[in-house]
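The values are calculated or read from the model by the stated rules, or taken from the named source; none is laboratory data. As the structure is a prediction and not an experimental result, all values here were calculated from the model. Methodologically, a virtual Cβ is constructed for each residue, glycine included, from the backbone with ideal geometry; neighbour enumeration extends over all protein chains shown. Just the protein is used for accessible areas: all its heavy atoms, side chains included, with ligands, DNA and RNA removed. Shrake-Rupley method; radii C 1.70, N 1.55, O 1.52, S 1.80 Å.
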Amino acid sequence: MRKYQQLALVLLSISCVVILLVYKSENNRLKYVLEVVNIFGRNDAASLIRIDNSSRLHSSPYDFDSPLPAWQRIGEGFYVYSAFWQKNELAAGGTVISIAVGLEHAAVNFKCQIQHGTSDVVTGKLHFVRLEHPTGSVKSPNGEVFRVYKLLCKVTRDFGLPTEIIFTDTTRSIKRYVPLRVLESRSVQQKMTMTACVDMSDYLELEEEFRMPSAVLQYFLHHQIVGVEDFLVYNSNALNGATTTLLYNHGIKINILPYNFPFDLADKRQNRLLIEMDCLMRNYNAAKLTFIGAINEYLYPSSRLRVNNKFLKYAWKVSSDVSRFTLSTRSVCIDKRKKIFSDNLLYDVDSHVGVPSERPFQVYKPQDYNRTAGTPDFVKTLDVDRNMIFVHRYGGACSSKTNLHDWTTSLQADFLQYVTDVGRELNKLIFR
């Protein structure tokens, strides 16, 4: 009898331990949700947005960072960053589009194959497009001159799901394998409205104000509030573990991509071109709109980026051959007494905050842009009225400026009210 009593006590103890573990797990999940948003006493829209983002943080169907890009040497003086498989819509086969750079003297002497399944390969025909820089070829500080390429490996028959492209240097018969990202077809309803690609390749050159964890958090929270749904961050070295955890805990969906550029780079515009190419390919069939910006460039729409937003209505109304929009930009100086950047009201009409005037801030329609081969000569661009949407580039101390103007004086009342509401919500989230 005593043995049965002891057995019953053991089973009861095990049951209690299991119940305790389940309770602890559920309690931790509840605590995580409460860290994301203080649901007691808060009923604003941004809180609900952050709950939604947090619930989908690790289950996004878009998986922008798979496979991870990296600059890989494929031949003498040639490097590839990323490669994308795009199936033909009306015919068999498709094309692998690879983003590459090559030294000016390097010849494009490659054969290409596409691997699918475990070891099966299909031989393709290699073409290339050389993207000319507006000022010609680019020379790095150590004298190297390089050019940007799109390497196109075309096949004319269908096969299994492609996994890698194989480049063979014909002069040395050396094979290099580059993983493929498959561009999946999605309906318009399945696409996100807007995503952001954040160029942090020159992060260490920015002013200290923008490198602080609170400033990084402010950038992502601001754009989350105005309606940006997902972020691709270029340069995994720019965000340390503590900053990344801070972003995750605030329900921000970020995809961190390495950017180990193989040459010393003197011209930031060339770097931006490469990031732009990868960004637009990753957002193809994933987002209706996307932009490429730096951590000190803030987007201000006239209302949240949803159905009734003025800019979105305008973007959907124009013809499909328009794939890029140029936004009005102001260079806003910083008063360190202000808690958040949007509280800074003065801009200098003569300043460009260290950004070349040749690089405007632009929003893209990724699918339409890539249909035009993604080359500037074929891209149709429209300028957007600043009463719909504008951009502020923050930088420089106001005390050192003379020709300053208050940007709020030219803003319509309802637009100004929305900007004020966004700033108020940002203050709550950062300084609560």
(message) So, residue 238, is that one among the small types (Gly, Ala, Ser), surrounded by 21 or more Cβ atoms within 10 Å (Cβ to Cβ) and assigned to a loop (DSSP other than H, G, I, E, B) or not?
(response) yes
(request) Examine region 200-219 for a residue that is in a loop (DSSP other than H, G, I, E, B), open to solvent by less than 20 Å² (accessible area, probe 1.4 Å) and in contact (Cβ under 8 Å) with a residue 60 or more places away in the chain, and state whether such a residue exists. (result) yes
(message) Any residue that is surrounded by fewer than 18 Cβ atoms within 10 Å (Cβ to Cβ), modelled with pLDDT of 90 or more and outside any loop (DSSP other than H, G, I, E, B) - is there at least one of those in region 134-142?
(response) no
(request) Report whether or not residue 354 is on the phi > 0 side of the Ramachandran plot, surrounded by fewer than 20 Cβ atoms within 10 Å (Cβ to Cβ) and modelled with pLDDT under 95. (result) yes
(request) Considering only residues that are open to solvent by 10 Å² or more (accessible area, probe 1.4 Å) and among the hydroxyl-bearing types (Ser, Thr, Tyr), look in region 279-304 and name the one that is nearest to the chain's Cα centre (by Cα). (result) 284
(request) Being more than 21 Å from residue 63 (Cβ to Cβ) and assigned to a strand (DSSP E or B) is the filter here, so list the residues in region 241-271 that pass it. (result) none
(message) Residue under question is residue 274, and the condition is that it be buried (at least 21 other Cβ atoms within 10 Å of the Cβ) and in a strand (DSSP E or B); does it hold?
(response) no
(request) Please find, within region 75-108, the residue that is farthest from the chain's Cα centre (by Cα) out of those that are under 22 Å from residue 274 (Cβ atoms) and of a type in the set (S, T, N, Q). (result) 95
(request) Take residue 131 and decide whether it is of a type outside the set (Phe, Trp, Tyr), open to solvent by less than 80 Å² (accessible area, probe 1.4 Å), at pLDDT below 95 and under 30 Å from the mean Cα position of the chain (by Cα). (result) yes
(request) Look through 383, 414 and report the one residue that is under 23 Å from residue 199 (Cβ atoms), exposed (fewer than 15 other Cβ atoms within 10 Å of the Cβ) and modelled with pLDDT of 95 or more. (result) 383
(message) Among the residues that make up region 363-379, is at least one of them open to solvent by 50 Å² or more (accessible area, probe 1.4 Å), modelled with pLDDT of 90 or more and not acidic (Asp, Glu)?
(response) no
(message) Which condition from (1) among the aliphatic types (A, V, I, L, M); (2) open to solvent by less than 10 Å² (accessible area, probe 1.4 Å); (3) free of Cβ contacts under 8 Å to residues at least 40 places away in the same chain is the one that residue 307 breaks?
(response) (2)
(message) Looking only at region 307-327, filter to residues that are more than 19 Å from the chain's Cα centre (by Cα), modelled with pLDDT under 95 and hydroxyl-bearing (Ser, Thr, Tyr); which one of those is farthest from residue 290 (Cα to Cα)?
(response) 319
(request) Give me the pairs, please: first residue somewhere in region 229-242 and closer than 16 Å to residue 215 by Cβ, second residue anywhere and open to solvent by 50 Å² or more (accessible area, probe 1.4 Å) and outside any strand (DSSP E or B), beta-carbon distance under 7 Å, and either six or more positions apart or on two chains. (result) 242/213
(request) Test residue 189 against the stated conditions and say whether it is out of contact with any strand residue (DSSP E or B) (no Cβ under 8 Å at 6 or more places or on another chain) and without any contact (Cβ under 8 Å) to a residue 12 or more places away in the chain. (result) yes
(message) Anything in region 59-86 that is out of contact with any helix residue (DSSP H, G or I) (no Cβ under 6 Å at 6 or more places or on another chain), over 26 Å from residue 144 (Cβ atoms) and surrounded by 16 or more Cβ atoms within 10 Å (Cβ to Cβ)? List them, or say none.
(response) 60, 62, 65, 85, 86
